[in-house]
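Quick notes on the structure that follows.
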Amino acid sequence: MSSDMHGLMAEFADAREVVVAAERVHHHGYTKVDAYAPYPHEELAHALHLPKSHVSKLVLLGGLIGMAAGYGLCYVTSVFVYPLNIGGRPLHSWPAFIVPTYETTILFAALSAVVGMLMLNGLPQPYHPAFHVPEFVRASTDRFFICIESEDPHFDAHETRRFLEGLPGVAKVTEVPR
Amino acid sequence: MSSAAPPAERHPMDQPGAPVVAPGHTLESVTAKISGVVLTKYAPKQWFLGLAVAFLLLQLMALAVVNLLFRGIGVWGPNVPIGWGFDIINFVWWIGIGHAGTLISAILLLLRQDWRTSINRFAEAMTLFAVACAAFYPIFHTGRPWVAFYWLMPYPNSMGLWPNFRSPLIWDVFAVSTYATVSALFWFVGLIPDLATLRDRTQHPILQRVFGLAAMGWRNSVRHWHNYESAYLLLAGLSTPLVVSVHTVVSFDFSTGLIPGWHATIFPPYFVAGAIYAGFAMVLTLAIPLRRWYHLEDFITMRHLENMAKVMLATGLVVGYGYLMEAFFAWYSGNTYERFMMYNRMFGPYWQMYWALILCNVVTPNLLWSKRLRTNIGVLFVISNVVSVGMWLERYVIIVTSLHRDFLPSSWGFYSGTIFDWSAFIGTIGLFLTLIFVFVRLLPAISIFEMRTLVPPQARKENAA
C-alpha cells in the first residue's frame, strides 16, 4: 500500500466496454472509484451505482426560501415600512405581490441549482491528481477512464493493477501520483 | 442580402431532409471542429468585416449615450401625450428577441428535441446580449441612471424610499433581472464542460490557465456529470415558466393601464408568441451567415433551419390571431374609444405603420408553408429579417397609436423618433452584433459536450470512422 499514489487509472476507447468494466469494478467490491467520460454517460453512472443526486432537494429548498423572501419583502414594504394609501384599498394587496414572489422563487431556485451543483461536485477545485496522467486530457474528447483510488480498503498496488489490466477493452493502466 | 444568397454548389447539409449531424462524425471530429473555431489563430475575413461594422455602430451608441447624459432625455422624442416612445418600443423588441434563446435551451430540452443542441449555445448568448440591449432603454430613460436605484431596487436607502410592489413597472424590474440572471447561469453552466475541453485541447500556456480557471477544475467525472445533469434539467424546468412569465409581465406594463388598445386580456399570450416569433427570426438571421462563415453546415443543417422556420410560421399565425382578436374585441366591446383606437390605427396618421406591420408579420410568414421556400436559405434569411422589422413595427403601433389619441381630443399629439432616438437604437444593434462577434471568437458557439451525445453510439470510440 503506497501512500504516494492517488490511485490507478485505466483507459478505455469504447463507450460500451467501459460500462462493462465499471460493473466489474463495482462487483469486485471497490467503492473509492471514479469514472470519467467526455459527455454525461448515464449507463456508466448506473454501473457505478451512484446514489441519487441531491441537487433537486437543494433547489426545492432554495425555491421555498426565495418564495418566502419575495413575499416577505412585498408584505413588509407595503404594509409596514412604506404604506401607500391608494383609494383606501387594502395595504396587504396579495394579488399584486404574486409576480415579484414568482420571480424571486425562480431566481433563488436557479441560484441554488448552480451553487448546489458546484458544491456537491467540490468545485472550484484548483488541483486534482487525475490531471497528472498525460492521456487524461482526452477525457474531454473521446476517451473513458476508470480510476480506483488508493484509499479504497481493497486497494493493493499489484492486485488492483492486475485486476484493471484484465478488464475488457482496457487500453492502458497508469499510476496516478498524488 | 447577397451574403446569404444560395451558393453555386449546394452543401449536402443544405438539402431538405438533412440529418441533425452530418454522417461520419466521431467524438474526436466533433470536438476538434467546434473547438477549432476558438483555438485557431485565424478568423475568417467576414468575421473581421462584421466586427468592424458592428463596432462602428457601437460608437454611435457611445455618442448617443454621452449626448443623452449631457443634454438630458429631452433629446429623445417622447413628450406629452406620448411619454413612451423608442425607449419602450426597443426595450420590448429586444426582450422579445431574447426569448427564443431560453425557449431553445429550456423548453426544447425538456421536450427532448435533440436538434436544439447545435443552436442552443449561441441562442442563449443571443438572449443575454439582447437582454443587455433591452436593459439599456429603461435604465437610460430614467435620465440619471445612477440615482434610479431608489425606486428600482428595494434596499434601505438614505431617502427612506421603497418601491411600490403594486406597480407593473417594478414587476418588470424583478422579471427582467431574474431573467437576465437565470439566462446567464444557464449559459455558464452549459459552458463549464466545454471550457474544460478547451483547457485540455489548447497548447497555449496562458489560454490553458484562463480556460482552466473558468472551468473551475471540471474533470469530466461521472460523479460531476451526475449532479450536473440534475442541475441542468432543473434549470431548464425553472427557465420554462420564466420564458412565459417575462413577456407576460412586460405586457402587464400595458394591459394594467386604461389606455384604449392596451387594456386587453389577450396581451400576455400574444406578447409571448410575438417574442418567440421575433426570437426565432433573430436566431435564423445570425445562424445563416455564421454556419457559412465558419463552415458549420455539418452541425447546423437544413433540418435546423427548417424546424426554426416551422416554429416561426406557427408563432406567426398565433400573432396574426392576436391582431385579429384585437380588432374584433375593439368592435365587439362596443366601447367608443376602443373602436376609435382601432379605426385610427388602421386609417389614422400612422396607417402606413399598421399595414406594413400586417404585411411583415401576417402575410410574409405564410410563404413558409411552402417547403421549397422554407428550405431556400436566401429566402429564409430575407423572411426572418422582414419578421424582425415587423415585430419592431408591432411595438411601434401598439405604443404610439394608442397614446397619441386617447380619450380627450385636447390631449392628442404626434410622435416620431428624433435622430438621437435612431442613433441609440442603431447603437444597440451595434452593441448586440459586437457582443455576438466577440462571443463566437472567444467561446464555443455550439455546445461541444451535447454534440458528442448526438454522435451515433457505434462511432463513440476512437477508431470508428
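Filter region B:17-33 for residues that are modelled with pLDDT of 75 or more and closer than 11 Å to B:M302 by Cα and give the result.
B:A18, B:P19, B:V20, B:V21, B:A22
Looking at (1) at the interface with another protein chain (Cβ under 10 Å from one of its Cβ atoms); (2) loosely packed, with under 14 Cβ neighbours inside 10 Å; (3) closer than 26 Å to B:I192 by Cα, find the lone condition where A:V76 falls short.
Every condition holds for A:V76 apart from (3).
Filter region B:132-156 for residues that are within 14 Å of chain A (Cβ to nearest Cβ) and in a helix (DSSP H, G or I); which is surrounded by the fewest Cβ atoms within 10 Å (Cβ to Cβ)?
If we take residues in region B:132-156 being within 14 Å of chain A (Cβ to nearest Cβ) and in a helix (DSSP H, G or I), then B:Y150 is surrounded by the fewest Cβ atoms within 10 Å (Cβ to Cβ).
Give me the residue from region B:81-101 that is of a type in the set (V, I, T) and over 11 Å from the mean Cα position of the chain (by Cα) and, out of that set, farthest from B:T401 (Cα to Cα).
Only one residue fits best here, namely B:I88.
So which residues in region A:30-42 are more than 7 Å from chain B (Cβ to nearest Cβ), out of contact with any Cys (no Cβ under 8 Å at 6 or more places or on another chain) and touching a residue at least 24 places away in the same chain (Cβ under 8 Å), if there are any at all?
A:Y30, A:T31, A:K32
So the check is Cβ under 7 Å with 6+ separation or different chains; which pairs have a first residue in region A:80-109 that's without any contact (Cβ under 8 Å) to a residue 40 or more places away in the chain and more than 7 Å from every other protein chain (Cβ to nearest Cβ) and a second one that's of a type in the set (S, T, N, Q) and crowded, with 21+ Cβ neighbours inside 10 Å?
From region A:80-109, the pairs are A:L91/A:S78.
Which numbered condition in (1) closer than 21 Å to B:S105 by Cβ; (2) part of a helix (DSSP H, G or I) is the only one that B:L296 fails?
Exception for B:L296: condition (2).
Which numbered condition trips up B:I89, out of (1) aliphatic (A, V, I, L, M); (2) away from chain A (no Cβ under 14 Å); (3) crowded, with 21+ Cβ neighbours inside 10 Å; (4) part of a loop (DSSP other than H, G, I, E, B)?
Only one criterion is unmet by B:I89, namely (4).
Conditions tested, residue by residue: (1) in contact (Cβ under 8 Å) with a residue 40 or more places away in the chain; (2) surrounded by 22 or more Cβ atoms within 10 Å (Cβ to Cβ); (3) assigned to a helix (DSSP H, G or I).
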site: B:I399; (1), (2), (3): yes, yes, yes
site: B:S410; (1), (2), (3): no, no, yes
site: B:G413; (1), (2), (3): yes, no, no
site: B:F420; (1), (2), (3): yes, no, yes
site: B:I429; (1), (2), (3): yes, no, yes
site: B:P444; (1), (2), (3): yes, yes, no
site: B:F449; (1), (2), (3): yes, yes, yes
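Hey, could you check region A:143-175 for residues that are within 12 Å of chain B (Cβ to nearest Cβ) and at pLDDT below 85 and say which is surrounded by the most Cβ atoms within 10 Å (Cβ to Cβ)?
Step by step, filter region A:143-175, then rank; the result is A:G169.
Might you check whether a residue that is in contact with a helix residue (DSSP H, G or I) (Cβ under 6 Å, 6 or more places away or on another chain), crowded, with 24+ Cβ neighbours inside 10 Å and of a type outside the set (G, A, S) occurs anywhere in region B:70-86?
yes
Which condition from (1) out of contact with any Lys or Arg (no Cβ under 6 Å at 6 or more places or on another chain); (2) within 30 Å of B:T336 (Cα to Cα); (3) free of Cβ contacts under 8 Å to residues at least 60 places away in the same chain is the one that B:E394 breaks?
Looking at each condition in turn, B:E394 falls short on (3).
Only one of (1) surrounded by 20 or more Cβ atoms within 10 Å (Cβ to Cβ); (2) over 30 Å from A:L84 (Cα atoms); (3) more than 8 Å from every other protein chain (Cβ to nearest Cβ); (4) not basic (K, R) fails for B:Q203. Which number is that?
Result: B:Q203 fails condition (1) only.
Restricting attention to region A:120-130, report how many residues are of a type in the set (A, V, I, L, M) and without any contact (Cβ under 8 Å) to a residue 40 or more places away in the chain.
1
Could you pull out the residue among B:R223, B:R209 that is in contact with a strand residue (DSSP E or B) (Cβ under 9 Å, 6 or more places away or on another chain) and part of a helix (DSSP H, G or I)?
Of the residues listed, the single one that is in contact with a strand residue (DSSP E or B) (Cβ under 9 Å, 6 or more places away or on another chain) and part of a helix (DSSP H, G or I) is B:R223.
Output yes when any residue across region B:214-221 is more than 20 Å from B:T102 (Cα to Cα) and more than 8 Å from chain A (Cβ to nearest Cβ), and no when none is.
Within region B:214-221, one or more residues are more than 20 Å from B:T102 (Cα to Cα) and more than 8 Å from chain A (Cβ to nearest Cβ).
When the residues of region A:53-68 are narrowed to those that are out of contact with any Phe, Trp or Tyr (no Cβ under 7 Å at 6 or more places or on another chain) and of a type in the set (G, A, S), which ends up farthest from the other protein chains (Cβ to nearest Cβ)?
Only one residue fits best here, namely A:A68.
What do you reckon, is A:A45 in contact (Cβ under 8 Å) with a residue 12 or more places away in the chain, facing another protein chain (nearest Cβ under 9 Å) and hydrophobic (A, V, I, L, M, F, W, C)?
It is false that A:A45 is in contact (Cβ under 8 Å) with a residue 12 or more places away in the chain, facing another protein chain (nearest Cβ under 9 Å) and hydrophobic (A, V, I, L, M, F, W, C).
Which pairs have Cβ atoms under 8 Å, sit 6 or more apart or on different chains, and link a residue in region B:158-171 that is aliphatic (A, V, I, L, M) to one that is in a loop (DSSP other than H, G, I, E, B) and surrounded by fewer than 18 Cβ atoms within 10 Å (Cβ to Cβ)?
B:L161/A:Y82; B:I170/B:N164
Checking B:S251 against (1) free of Cβ contacts under 8 Å to residues at least 40 places away in the same chain; (2) buried (at least 19 other Cβ atoms within 10 Å of the Cβ); (3) over 24 Å from B:V386 (Cα atoms), which test does it fail?
All conditions are met except number (3).
Residue by residue through region A:73-103, note down the ones that are part of a helix (DSSP H, G or I) and either over 43 Å from the mean Cα position of the chain (by Cα) or more than 19 Å from B:L152 (Cβ to Cβ) (or both).
A:Y75, A:V79, A:F80, A:W94, A:P95, A:I98
Determine whether A:G116 is under 30 Å from B:G36 (Cα atoms) and within 10 Å of another protein chain (Cβ to nearest Cβ).
Taking the combined requirement at face value, the residue does not satisfy it.
State yes or no: is A:P129 surrounded by 14 or more Cβ atoms within 10 Å (Cβ to Cβ) and either touching a Ser or Thr at 6+ places or on another chain (Cβ under 8 Å) or more than 7 Å from chain B (Cβ to nearest Cβ) (or both)?
Here the answer is yes, as A:P129 does meet what is asked.
What are the pairs with Cβ atoms under 6 angstrom where one residue, in region B:256-280, is within 15 Å of B:V387 (Cα to Cα) and the other, located anywhere, is among the polar types (S, T, N, Q)? Sequence gap at least six, or different chains.
B:F271/B:S251; B:A273/B:T315; B:I276/B:T315; B:Y277/B:T315
The values are calculated or read from the model by the stated rules, or taken from the named source; none is laboratory data. Keep in mind that this is a model prediction, so the values were computed, not measured. Cβ: placed from backbone, ideal geometry, glycine included. Neighbour counts: every protein chain shown.
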